[in-house]
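Here the structure comes first, spelled out in C-alpha coordinates, and everything after it is commentary.
The values are calculated or read from the model by the stated rules, or taken from the named source; none is laboratory data. All figures in this text were calculated on a predicted structure; none of them were measured in a lab. Positions of Cβ are backbone-derived with ideal geometry, glycine not excepted, and every protein chain shown enters the neighbour counts.
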Amino acid sequence: MELLTASSLRSVHGFPTRAGGASTGAFASLNSSFAVGDDPAAVRANLEALARAAKVNVDQLFTVKQVHGDRVVSAAEAKSDTEADALITRVPNTAVGVRTADCLPVLLEDRRTGAVAAVHAGWRGVIAQIVARAIKELIGDEGKPGDVHAAIGPCIQKCCFEVDGDLPERFSTAFGQDVVIAGSGGAGKTKLDLVRAVQVTLERAGIPSDHVASLPQCTMCDTRFFSHRRDQGITGRHLSFIRSADTSAG
Ligand SMILES: [Zn+2]
(Lines give C-alpha, C1' and ligand atoms only; values in the text may rest on other atoms or scores of the structure.)
Protein backbone atom coordinates (compact mmCIF):
# COMPACT_ATOMS: atom_id res chain seq x y z
CA MET A 1 0.00 0.00 0.00
CA GLU A 2 1.18 3.48 -0.82
CA LEU A 3 -0.30 6.13 1.46
CA LEU A 4 0.22 9.82 0.88
CA THR A 5 -0.01 12.01 3.96
CA ALA A 6 -0.32 15.74 4.65
CA SER A 7 2.03 17.70 6.91
CA SER A 8 -0.92 19.73 8.22
CA LEU A 9 -2.52 16.77 10.04
CA ARG A 10 -1.41 15.16 13.28
CA SER A 11 -4.06 12.39 13.26
CA VAL A 12 -3.50 8.96 11.75
CA HIS A 13 -4.64 9.50 8.15
CA GLY A 14 -3.90 8.55 4.56
CA PHE A 15 -4.65 9.20 0.92
CA PRO A 16 -4.00 5.86 -0.82
CA THR A 17 -2.89 5.34 -4.40
CA ARG A 18 -4.07 2.31 -6.42
CA ALA A 19 -1.10 0.24 -5.25
CA GLY A 20 -1.04 -2.76 -2.95
CA GLY A 21 -4.62 -4.05 -3.07
CA ALA A 22 -6.37 -7.29 -4.03
CA SER A 23 -8.55 -6.10 -6.94
CA THR A 24 -7.69 -6.77 -10.59
CA GLY A 25 -8.45 -5.32 -14.03
CA ALA A 26 -10.00 -1.85 -14.07
CA PHE A 27 -10.13 -1.95 -10.26
CA ALA A 28 -6.45 -2.79 -9.72
CA SER A 29 -5.77 -2.75 -7.12
CA LEU A 30 -6.86 -0.95 -3.95
CA ASN A 31 -10.51 -0.34 -4.87
CA SER A 32 -12.69 0.44 -1.84
CA SER A 33 -16.14 0.43 -3.47
CA PHE A 34 -18.65 -2.42 -3.64
CA ALA A 35 -20.77 -0.34 -6.05
CA VAL A 36 -18.52 -0.33 -9.14
CA GLY A 37 -18.73 -4.00 -10.21
CA ASP A 38 -15.59 -5.28 -8.47
CA ASP A 39 -15.29 -8.69 -6.75
CA PRO A 40 -16.74 -8.19 -3.23
CA ALA A 41 -14.11 -10.46 -1.65
CA ALA A 42 -11.34 -8.28 -3.06
CA VAL A 43 -13.07 -5.10 -1.83
CA ARG A 44 -13.43 -6.62 1.66
CA ALA A 45 -9.72 -7.49 1.70
CA ASN A 46 -8.87 -3.95 0.62
CA LEU A 47 -11.06 -2.42 3.34
CA GLU A 48 -9.42 -4.64 5.94
CA ALA A 49 -5.97 -3.52 4.77
CA LEU A 50 -7.08 0.13 4.88
CA ALA A 51 -8.47 -0.34 8.40
CA ARG A 52 -5.12 -1.79 9.50
CA ALA A 53 -3.40 1.26 8.01
CA ALA A 54 -5.86 3.46 9.95
CA LYS A 55 -5.06 1.44 13.11
CA VAL A 56 -8.70 0.49 13.70
CA ASN A 57 -10.83 -2.63 13.34
CA VAL A 58 -12.64 -2.78 10.02
CA ASP A 59 -16.00 -2.18 11.76
CA GLN A 60 -14.56 1.03 13.25
CA LEU A 61 -13.75 2.50 9.83
CA PHE A 62 -16.98 4.30 8.95
CA THR A 63 -18.18 5.23 5.47
CA VAL A 64 -21.53 6.28 3.98
CA LYS A 65 -23.31 6.16 0.67
CA GLN A 66 -22.10 9.26 -1.13
CA VAL A 67 -24.61 11.16 -3.26
CA HIS A 68 -22.93 14.49 -4.25
CA GLY A 69 -25.09 16.30 -1.70
CA ASP A 70 -24.33 18.56 1.25
CA ARG A 71 -25.32 16.38 4.21
CA VAL A 72 -22.94 15.91 7.13
CA VAL A 73 -23.54 13.01 9.52
CA SER A 74 -21.97 11.65 12.68
CA ALA A 75 -20.40 8.19 12.35
CA ALA A 76 -22.21 7.11 15.50
CA GLU A 77 -25.56 7.67 13.74
CA ALA A 78 -24.61 6.54 10.24
CA LYS A 79 -24.90 3.18 8.54
CA SER A 80 -23.10 2.20 5.34
CA ASP A 81 -26.28 2.96 3.34
CA THR A 82 -26.89 6.36 4.98
CA GLU A 83 -26.82 8.97 2.22
CA ALA A 84 -24.36 11.76 3.02
CA ASP A 85 -21.07 13.21 1.78
CA ALA A 86 -19.31 14.13 5.00
CA LEU A 87 -18.75 12.03 8.07
CA ILE A 88 -17.56 13.10 11.53
CA THR A 89 -16.40 10.99 14.44
CA ARG A 90 -15.92 12.13 18.03
CA VAL A 91 -15.47 8.63 19.46
CA PRO A 92 -11.80 8.02 20.33
CA ASN A 93 -9.91 5.56 18.11
CA THR A 94 -12.46 5.39 15.32
CA ALA A 95 -11.92 6.34 11.70
CA VAL A 96 -13.98 7.91 8.93
CA GLY A 97 -13.36 7.64 5.22
CA VAL A 98 -14.61 8.94 1.88
CA ARG A 99 -14.42 7.31 -1.55
CA THR A 100 -13.18 9.30 -4.54
CA ALA A 101 -11.99 8.95 -8.14
CA ASP A 102 -11.33 12.61 -9.22
CA CYS A 103 -13.50 14.30 -6.57
CA LEU A 104 -11.75 16.03 -3.68
CA PRO A 105 -11.19 14.12 -0.46
CA VAL A 106 -10.91 16.65 2.38
CA LEU A 107 -9.80 15.55 5.85
CA LEU A 108 -10.29 17.74 8.93
CA GLU A 109 -9.15 17.51 12.54
CA ASP A 110 -10.17 19.60 15.56
CA ARG A 111 -7.14 19.65 17.84
CA ARG A 112 -9.20 20.89 20.80
CA THR A 113 -11.45 17.84 20.93
CA GLY A 114 -9.64 15.22 18.83
CA ALA A 115 -12.71 14.89 16.58
CA VAL A 116 -12.11 14.37 12.87
CA ALA A 117 -14.07 14.54 9.61
CA ALA A 118 -13.80 13.18 6.08
CA VAL A 119 -15.53 15.05 3.25
CA HIS A 120 -16.28 13.99 -0.34
CA ALA A 121 -16.48 17.09 -2.52
CA GLY A 122 -17.04 17.11 -6.25
CA TRP A 123 -18.06 20.33 -7.96
CA ARG A 124 -21.62 19.93 -6.69
CA GLY A 125 -20.46 19.52 -3.11
CA VAL A 126 -17.98 22.39 -3.40
CA ILE A 127 -20.63 24.83 -4.63
CA ALA A 128 -23.12 23.48 -2.05
CA GLN A 129 -20.57 24.41 0.67
CA ILE A 130 -20.26 20.93 2.10
CA VAL A 131 -16.77 21.68 3.42
CA ALA A 132 -18.02 24.72 5.38
CA ARG A 133 -20.91 22.67 6.76
CA ALA A 134 -18.55 19.92 7.89
CA ILE A 135 -16.31 22.42 9.69
CA LYS A 136 -19.30 23.93 11.49
CA GLU A 137 -20.50 20.49 12.61
CA LEU A 138 -17.00 19.39 13.57
CA ILE A 139 -16.30 22.30 15.93
CA GLY A 140 -19.86 22.66 17.25
CA ASP A 141 -21.02 25.72 19.18
CA GLU A 142 -18.02 25.88 21.49
CA GLY A 143 -15.18 25.23 19.10
CA LYS A 144 -13.03 27.64 17.14
CA PRO A 145 -12.04 27.35 13.48
CA GLY A 146 -8.48 28.20 14.58
CA ASP A 147 -8.29 24.73 16.15
CA VAL A 148 -9.06 23.03 12.84
CA HIS A 149 -6.35 21.63 10.56
CA ALA A 150 -7.17 20.42 7.07
CA ALA A 151 -5.81 18.54 4.08
CA ILE A 152 -7.05 18.31 0.50
CA GLY A 153 -5.98 15.05 -1.12
CA PRO A 154 -5.26 13.95 -4.70
CA CYS A 155 -8.08 14.91 -7.07
CA ILE A 156 -8.71 16.22 -10.56
CA GLN A 157 -6.65 19.41 -10.59
CA LYS A 158 -6.85 22.61 -12.62
CA CYS A 159 -4.69 21.03 -15.36
CA CYS A 160 -7.53 18.66 -16.25
CA PHE A 161 -10.89 19.76 -14.87
CA GLU A 162 -12.72 21.05 -17.96
CA VAL A 163 -16.30 22.23 -17.64
CA ASP A 164 -18.83 24.06 -19.77
CA GLY A 165 -22.18 25.84 -19.51
CA ASP A 166 -22.67 28.23 -16.62
CA LEU A 167 -20.29 26.52 -14.21
CA PRO A 168 -17.35 28.93 -14.70
CA GLU A 169 -19.61 31.86 -13.91
CA ARG A 170 -21.18 30.16 -10.91
CA PHE A 171 -17.75 29.29 -9.53
CA SER A 172 -16.22 32.72 -10.07
CA THR A 173 -19.26 34.32 -8.41
CA ALA A 174 -19.02 31.98 -5.44
CA PHE A 175 -15.23 31.74 -4.99
CA GLY A 176 -13.59 34.55 -6.99
CA GLN A 177 -11.97 34.88 -10.42
CA ASP A 178 -8.92 32.81 -9.43
CA VAL A 179 -10.87 29.56 -9.62
CA VAL A 180 -11.48 29.96 -13.38
CA ILE A 181 -8.39 29.32 -15.52
CA ALA A 182 -8.62 31.96 -18.28
CA GLY A 183 -8.18 30.87 -21.88
CA SER A 184 -8.00 27.20 -20.97
CA GLY A 185 -9.77 24.14 -22.23
CA GLY A 186 -10.98 22.94 -25.61
CA ALA A 187 -13.80 24.41 -27.69
CA GLY A 188 -16.46 25.88 -25.44
CA LYS A 189 -14.70 24.48 -22.37
CA THR A 190 -13.04 26.17 -19.43
CA LYS A 191 -10.89 24.72 -16.68
CA LEU A 192 -11.77 25.16 -13.03
CA ASP A 193 -9.56 24.99 -9.96
CA LEU A 194 -11.69 23.13 -7.41
CA VAL A 195 -8.79 22.95 -4.96
CA ARG A 196 -8.61 26.75 -4.92
CA ALA A 197 -12.39 26.90 -4.37
CA VAL A 198 -12.01 24.67 -1.29
CA GLN A 199 -9.03 26.72 -0.07
CA VAL A 200 -11.23 29.84 -0.30
CA THR A 201 -13.95 27.99 1.62
CA LEU A 202 -11.48 27.07 4.37
CA GLU A 203 -10.17 30.67 4.57
CA ARG A 204 -13.71 32.05 4.84
CA ALA A 205 -14.48 29.53 7.58
CA GLY A 206 -11.63 31.04 9.59
CA ILE A 207 -9.04 28.29 9.27
CA PRO A 208 -5.52 29.80 9.17
CA SER A 209 -3.81 29.11 5.83
CA ASP A 210 -0.83 27.50 7.60
CA HIS A 211 -3.24 24.87 8.95
CA VAL A 212 -4.07 23.71 5.42
CA ALA A 213 -2.14 21.43 3.06
CA SER A 214 -3.16 20.65 -0.53
CA LEU A 215 -1.53 17.66 -2.14
CA PRO A 216 -0.43 18.38 -5.73
CA GLN A 217 -1.22 15.06 -7.41
CA CYS A 218 -3.80 15.11 -10.21
CA THR A 219 -5.82 11.90 -10.39
CA MET A 220 -6.47 12.33 -14.13
CA CYS A 221 -2.82 12.93 -15.20
CA ASP A 222 -1.18 10.57 -12.74
CA THR A 223 -1.94 6.91 -13.48
CA ARG A 224 -1.16 5.92 -9.89
CA PHE A 225 -4.76 7.02 -9.22
CA PHE A 226 -8.27 5.96 -10.21
CA SER A 227 -9.84 8.63 -12.45
CA HIS A 228 -13.52 8.58 -13.29
CA ARG A 229 -12.93 10.87 -16.30
CA ARG A 230 -9.77 9.27 -17.67
CA ASP A 231 -11.13 5.74 -17.20
CA GLN A 232 -14.54 6.73 -18.64
CA GLY A 233 -16.49 5.70 -15.59
CA ILE A 234 -15.13 2.17 -15.20
CA THR A 235 -12.68 2.42 -12.37
CA GLY A 236 -12.19 1.95 -8.63
CA ARG A 237 -12.46 4.35 -5.71
CA HIS A 238 -9.78 5.46 -3.32
CA LEU A 239 -10.69 5.50 0.36
CA SER A 240 -9.07 8.45 2.12
CA PHE A 241 -9.30 8.12 5.89
CA ILE A 242 -8.60 9.86 9.18
CA ARG A 243 -8.74 8.52 12.74
CA SER A 244 -9.84 10.39 15.84
CA ALA A 245 -7.45 10.97 18.74
CA ASP A 246 -6.78 8.32 21.40
CA THR A 247 -8.63 10.31 24.03
CA SER A 248 -11.70 12.41 23.48
CA ALA A 249 -10.42 15.56 25.19
CA GLY A 250 -7.16 17.45 25.27
ZN1 LIG B 1 -4.21 16.83 -14.49
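For Ala86, are the conditions met, namely being under 30 Å from Ile127 (Cα atoms), among the aliphatic types (A, V, I, L, M) and at pLDDT below 95?
no
How many residues does the stretch 141-176 hold that are within 16 Å of the ligand (Cβ to nearest atom), in a strand (DSSP E or B) and within 16 Å of Thr201 (Cβ to Cβ)?
Final tally of qualifying residues: 2.
Residue-wise test of (1) touching a residue at least 40 places away in the same chain (Cβ under 8 Å); (2) in contact with a helix residue (DSSP H, G or I) (Cβ under 7 Å, 6 or more places away or on another chain).
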position: Ala22; (1), (2): no, yes
position: Ala26; (1), (2): yes, no
position: Asp39; (1), (2): no, no
position: Ala49; (1), (2): yes, no
position: Asn57; (1), (2): no, yes
position: Thr63; (1), (2): yes, no
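Which members of the stretch 103-126 meet the condition of being closer than 16 Å to Gly69 by Cα and touching a His at 6+ places or on another chain (Cβ under 7 Å)?
Matches in the stretch 103-126: Cys103, Pro105, Gly122, Arg124, Gly125.
Are any residues in the stretch 114-131 crowded, with 20+ Cβ neighbours inside 10 Å and away from the ligand (no atom under 16 Å from the Cβ), and if so, which ones?
Gly114, Ala115, Val116, Ala117, Ala118, Val119, His120, Ala121, Gly125, Val126, Ile130, Val131
Which residue out of Asp70, Asp81 is in a loop (DSSP other than H, G, I, E, B) and within 17 Å of Leu104 (Cβ to Cβ)?
Being in a loop (DSSP other than H, G, I, E, B) and within 17 Å of Leu104 (Cβ to Cβ) holds for just one of Asp70, Asp81, which is Asp70.
Rundown of residues vs (1) more than 17 Å from the chain's Cα centre (by Cα); (2) polar (S, T, N, Q); (3) at pLDDT 95 or above, yes/no style:
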residue: Thr113; (1), (2), (3): yes, yes, yes
residue: Gly140; (1), (2), (3): yes, no, yes
residue: Lys144; (1), (2), (3): yes, no, yes
residue: Phe171; (1), (2), (3): yes, no, yes
residue: Val195; (1), (2), (3): no, no, yes
residue: Val200; (1), (2), (3): no, no, yes
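Which numbered condition trips up Arg90, out of (1) farther than 16 Å from Gly206 by Cα; (2) among the basic types (Lys, Arg); (3) free of Cβ contacts under 8 Å to residues at least 40 places away in the same chain?
(3)
Scan (1) closer than 22 Å to Leu4 by Cβ; (2) within 15 Å of the chain's Cα centre (by Cα); (3) among the aromatic types (Phe, Trp, Tyr) for the single condition Phe161 breaks and write down its number.
Tallying (1) closer than 22 Å to Leu4 by Cβ; (2) within 15 Å of the chain's Cα centre (by Cα); (3) among the aromatic types (Phe, Trp, Tyr), Phe161 fails exactly one: (2).
Inside the stretch 142-189, can you point out the residues that are in contact with a Phe, Trp or Tyr (Cβ under 9 Å, 6 or more places away or on another chain) and closer than 30 Å to Thr113 by Cβ?
Ala151, Gly153, Pro154, Cys155
Within the stretch 83-106, can you find the residues that are hydroxyl-bearing (Ser, Thr, Tyr) and farther than 23 Å from Phe27 by Cβ?
Scanning the stretch 83-106 gives Thr89, Thr94.
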